[in-house]
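Have a look at the structure below before the remarks.
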Amino acid sequence: MPFAAVKGLNAALRRKEQEMGLVSPKLLADEAAAELDAKLRQLQKGSLVAVTYFVNGQYLQNSGQILVLDKIHRCLLLSGVRPLQIAFDDIIDIKSAID
């Protein structure tokens, strides 16, 4: 175990994260990751989607129209009152919002 400058700090931080409802990101199984990758490759600008993603210790879901689809920087921009940029690496699931 590495040197701990302050005794009990790690335990206190874990308790605080639990109180705030923060979680660690889940790793997708290979099959689920391949399925998500296929969905991301089929996206088009203008599509209406519902995106589940991980940010700041929480899983969130937002729906909207894809305004920008940047496959080089691996992110998308969803419409809304305040447009939302989501990195592909943070996306857990994406579905058509029309279903």
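The values are calculated or read from the model by the stated rules, or taken from the named source; none is laboratory data. Note that this is a predicted model, so its numbers are computed, not measured. With ideal geometry, Cβ positions are generated from the backbone for all residues, glycine too; neighbour counts draw on all protein chains shown.
Before moving on, here are some points about what is shown:
- Residue identified as among the hydroxyl-bearing types (S, T, Y) and in contact with a Ser or Thr (Cβ under 9 Å, 6 or more places away or on another chain) among Y53, Y59: Y59
- Test result for A29, surrounded by 14 or more Cβ atoms within 10 Å (Cβ to Cβ) and out of contact with any Leu (no Cβ under 8 Å at 6 or more places or on another chain): no
- Tally of residues being without any contact (Cβ under 8 Å) to a residue 24 or more places away in the chain and assigned to a strand (DSSP E or B) across region 39-61: 2
- When region 44-58 is limited to residues that are more than 14 Å from A87 (Cβ to Cβ) and at pLDDT 90 or above, the one that is surrounded by the fewest Cβ atoms within 10 Å (Cβ to Cβ) turns out to be Q44.
- On inspection, L36 qualifies as within 13 Å of the chain's Cα centre (by Cα) and in a helix (DSSP H, G or I).
- Members of region 69-99 that are hydrophobic (A, V, I, L, M, F, W, C), surrounded by 13 or more Cβ atoms within 10 Å (Cβ to Cβ) and either touching a helix residue (DSSP H, G or I) at 6+ places or on another chain (Cβ under 6 Å) or within 19 Å of K45 (Cβ to Cβ) (or both): L69, C75, L76, L77, L78, L84, I86, A87, F88, I91, I94, A97
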